[in-house]
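Below is one structure, written out as structure tokens, with a few remarks after it.
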Amino acid sequence: QTTDSSLTAPAGFYFGADIGQTGLAVISREDRDDGTSYSELGNQGKTLTGFAGYGIAHNRWFYGLELEADTSENDITHSKNKITGRSFSFNKNEGYGASARLGYTLPNGALLYSRAGLVQSLFNVEYSLNSSPQNALSTEKTLTGTRYGIGVEIPLSQHLFGRLESTYTNYRRFFASSVDFNDNLNPSEFQVNLGLSWFITPRKKPDFRVA
């Protein structure tokens with residue numbers, strides 16, 4: 001018979017990097033003279049994330065705070081040729097965030113965790129009505145979003161962990177406004193990331209004893 005009673009979560013300062021696939025979506029809603037226009041648009045792209053954090057271990061439980069910075073090139077574009085149509089592009093650039101993490105160490109040593117936090121991301125927005133391009137909107141917007149996620153970290157050594165996680169971010173709404181339009185845009189983002197994390201303090205090895 002074996003026991004893993006001394007198995008603990010990783011702890012201390014750590015840092016790492018992820019690379020992943022991101023799906024960016026925008027819901028557009030505008031009240032017009034002939035009714036309400038509603039559309040959902042999206043696109044996929046790559047993202048690169050660097051992170052650092054600190055964790056506390058209590059038996060198998062992990063409690064941590066993590067800071068992150070990411071950059072991506074994900075551009076949503078929409079256009080119509082008709083004179084009454086709208087044309088716009090919505091591009092996500094760099095972002096920064098902070099999350100609390102809660103995890104539990106499984107018998108095989110992997111850390112299963114969830115996260116919740118806030119992020120701020122920079123977006124480039126261009127929006128115009130085809131009939132009056134002189135009133136086009138071109139601006140940068142920094143939007144705050146709420147991010148949730150789940151993931152797993154698998155020990156590769158006493159310091160090194162492989163990480164796989166997925167996150168969902170819902171950003172606050174904002175209005176693309178000019179003389180001719182006032183469109184309510186609601187962006188959101190889904191990411192799947194794969195990376196490595198390095199804990200400065202070595203992970204305690206499980207103590208398997210034969211009874």
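The values are calculated or read from the model by the stated rules, or taken from the named source; none is laboratory data. All values reported here derive from a predicted model rather than from experimental measurement. Methodologically, a virtual Cβ is constructed for each residue, glycine included, from the backbone with ideal geometry; neighbour enumeration extends over all protein chains shown. Keep in mind that these areas ignore ligands, DNA and RNA; they rest on the heavy atoms of the full protein, side chains included. Shrake-Rupley method; radii C 1.70, N 1.55, O 1.52, S 1.80 Å.
With (1) without any contact (Cβ under 8 Å) to a residue 40 or more places away in the chain; (2) more than 23 Å from G45 (Cβ to Cβ); (3) open to solvent by less than 60 Å² (accessible area, probe 1.4 Å) as the list, and P133 as the residue in question, which single condition is left unmet?
The failed condition is (3).
Could you identify the single residue in S99, S121 that is more than 30 Å from W61 (Cβ to Cβ), among the small types (G, A, S) and open to solvent by less than 30 Å² (accessible area, probe 1.4 Å)?
Being more than 30 Å from W61 (Cβ to Cβ), among the small types (G, A, S) and open to solvent by less than 30 Å² (accessible area, probe 1.4 Å) holds for just one of S99, S121, which is S121.
Give the residues of the stretch 134-170 that are out of contact with any Phe, Trp or Tyr (no Cβ under 6 Å at 6 or more places or on another chain), among the charged types (D, E, K, R) and closer than 30 Å to I27 by Cα, sorted by residue number.
E140, R147, E165
Scan the stretch 64-105 for residues that are aliphatic (A, V, I, L, M) and without any contact (Cβ under 8 Å) to a residue 40 or more places away in the chain and report the count.
5
Does T139 satisfy being open to solvent by 10 Å² or more (accessible area, probe 1.4 Å) and more than 13 Å from the chain's Cα centre (by Cα)?
Yes; evaluated as a whole, the condition is true for this residue.
From Q158, Q134, Q120, grab the single residue that is of a type outside the set (K, R), out of contact with any helix residue (DSSP H, G or I) (no Cβ under 8 Å at 6 or more places or on another chain) and at pLDDT below 85.
Only one candidate passes the filter, namely Q134.
From the set of residues in the stretch 183-211 that are open to solvent by 20 Å² or more (accessible area, probe 1.4 Å), modelled with pLDDT of 75 or more and among the aliphatic types (A, V, I, L, M), which is nearest to T144 (Cα to Cα)?
Going through the qualifying residues, I end up with V192.
Within the stretch 72-96, can you find the residues that are at pLDDT 85 or above and loosely packed, with under 15 Cβ neighbours inside 10 Å?
E94, Y96
Evaluate the following for L112: is it in contact with a strand residue (DSSP E or B) (Cβ under 8 Å, 6 or more places away or on another chain), modelled with pLDDT under 95, open to solvent by 40 Å² or more (accessible area, probe 1.4 Å) and under 24 Å from F161 (Cα atoms)?
No.
Output the number of residues of the stretch 166-186 satisfying the condition of being assigned to a loop (DSSP other than H, G, I, E, B) and of a type in the set (V, I, T).
1
Quick one: is R163 of a type in the set (K, R), touching a Lys or Arg at 6+ places or on another chain (Cβ under 8 Å), surrounded by 15 or more Cβ atoms within 10 Å (Cβ to Cβ) and part of a strand (DSSP E or B)?
Here the answer is no, as R163 does not meet what is asked.
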